[in-house]
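Colleague: After the structure tokens below, expect a handful of questions from me.
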Ligand code: ATP
Ligand code: MG
């Protein structure tokens, strides 16, 4: 399973609809400082359901909505990841899987929506689908700045936990802990 395409609407510096293709194998993104390279990674983490806005480099989630030129600020931001699922790594019978997250700002607060292949789902549903393909927002599919140093400085026990997570064992540990506490 790999990312085929990202689509941004009003997310951070992407003021209009922007599609970014990803290739089989390796894709690099280059550009001047401040041109939005890291915002692309933030968009991926946003769709994967990361809820802490700090990791997405914003004070609050609504700061993720495009706030650039023009007098009228849009009231929503939306990001879609299209995965190639030809290998059926995600146990769902479709060659392409799209996951979308949208936040909408209203006078009474903001609302977060998730869609799996166009169908409205909950954040837990998204996490469950992704966990089956061993993708977790806090996991090691995304290596952030400082992660390598942090892993080097860990104790062997802490490093073992990472291996459990990557191997998909940690998911069962947490499910077992939840079952035992019920
Ligand atoms: P560097 O090479 O310095 O790491 P970068 O390409 O990673 O740069 P980003 O950090 O992705 O750049 O983009 C930063 C830009 O995104 C800034 O110019 C900032 O103003 C803009 N930006 C962030 N949030 C918003 C927003 N809500 N609306 C409009 N622009 C935004
Ligand atoms: Mg950057």
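Colleague: In segment 37-84, how many residues are surrounded by fewer than 16 Cβ atoms within 10 Å (Cβ to Cβ) and more than 16 Å from ligand 2 (Cβ to nearest atom)?
Modeller: 13
Colleague: Please verify whether segment 115-126 includes one or more residues that are within 16 Å of ligand 2 (Cβ to nearest atom) and either assigned by TED's automatic domain parsing to the domain that holds residue 40 or part of a loop (DSSP other than H, G, I, E, B) (or both).
Modeller: There is no residue in segment 115-126 that is within 16 Å of ligand 2 (Cβ to nearest atom) and either assigned by TED's automatic domain parsing to the domain that holds residue 40 or part of a loop (DSSP other than H, G, I, E, B) (or both).
Colleague: Moving on to the next point. Somewhere in segment 97-113, is a residue within 16 Å of ligand 1 (Cβ to nearest atom) and in a loop (DSSP other than H, G, I, E, B)?
Modeller: no
Colleague: Please state which one of 148, 135, 143 is loosely packed, with under 14 Cβ neighbours inside 10 Å and outside any helix (DSSP H, G or I).
Modeller: Unique residue meeting the criteria: 143.
Colleague: Take residue 56 and decide whether it is touching a helix residue (DSSP H, G or I) at 6+ places or on another chain (Cβ under 6 Å) and modelled with pLDDT under 90. First the steps, then the outcome.
Modeller: On the way: touching a helix residue (DSSP H, G or I) at 6+ places or on another chain (Cβ under 6 Å): yes; modelled with pLDDT under 90: yes.
Yes; evaluated as a whole, the condition is true for this residue.
Colleague: Let me ask something else about it. Cβ-Cβ under 8 Å, sequence separation 6+ or interchain: first residue in segment 14-42 and in contact (Cβ under 8 Å) with a residue 12 or more places away in the chain and more than 23 Å from residue 141 (Cα to Cα), partner near ligand 1 (Cβ under 8 Å from one of its atoms) and not in a loop (DSSP other than H, G, I, E, B). Which pairs?
Modeller: That search, which allows pairs on different chains as well, returns 14/39.
Colleague: Let me ask something else. Given the criteria within 12 Å of the chain's Cα centre (by Cα) and under 26 Å from residue 67 (Cβ atoms), does residue 106 qualify? Lay out the reasoning, then the answer.
Modeller: Numbers: within 12 Å of the chain's Cα centre (by Cα): no; under 26 Å from residue 67 (Cβ atoms): yes.
No: the conditions fail for residue 106.
Colleague: Consider residue 104 carefully, then state whether it is in contact (Cβ under 8 Å) with a residue 12 or more places away in the chain, surrounded by fewer than 17 Cβ atoms within 10 Å (Cβ to Cβ), assigned by TED's automatic domain parsing to the domain that holds residue 9 and within 16 Å of ligand 2 (Cβ to nearest atom). Break it down stepwise before answering.
Modeller: Details: in contact (Cβ under 8 Å) with a residue 12 or more places away in the chain: yes; surrounded by fewer than 17 Cβ atoms within 10 Å (Cβ to Cβ): yes; assigned by TED's automatic domain parsing to the domain that holds residue 9: yes; within 16 Å of ligand 2 (Cβ to nearest atom): no.
Against the criterion (in contact (Cβ under 8 Å) with a residue 12 or more places away in the chain, surrounded by fewer than 17 Cβ atoms within 10 Å (Cβ to Cβ), assigned by TED's automatic domain parsing to the domain that holds residue 9 and within 16 Å of ligand 2 (Cβ to nearest atom)), residue 104 does not qualify.
Colleague: Hey, residue 26 hits all of (1) more than 16 Å from ligand 2 (Cβ to nearest atom); (2) in a loop (DSSP other than H, G, I, E, B); (3) surrounded by 17 or more Cβ atoms within 10 Å (Cβ to Cβ) but one; which does it fall short on?
Modeller: (3) is the only condition that residue 26 fails.
The values are calculated or read from the model by the stated rules, or taken from the named source; none is laboratory data. Bear in mind that the values here come from a model prediction, so they are computed numbers and not experimental data. Please note: Cβ atoms are built from the backbone with ideal geometry, for glycine as well, and neighbour counts cover all protein chains shown.
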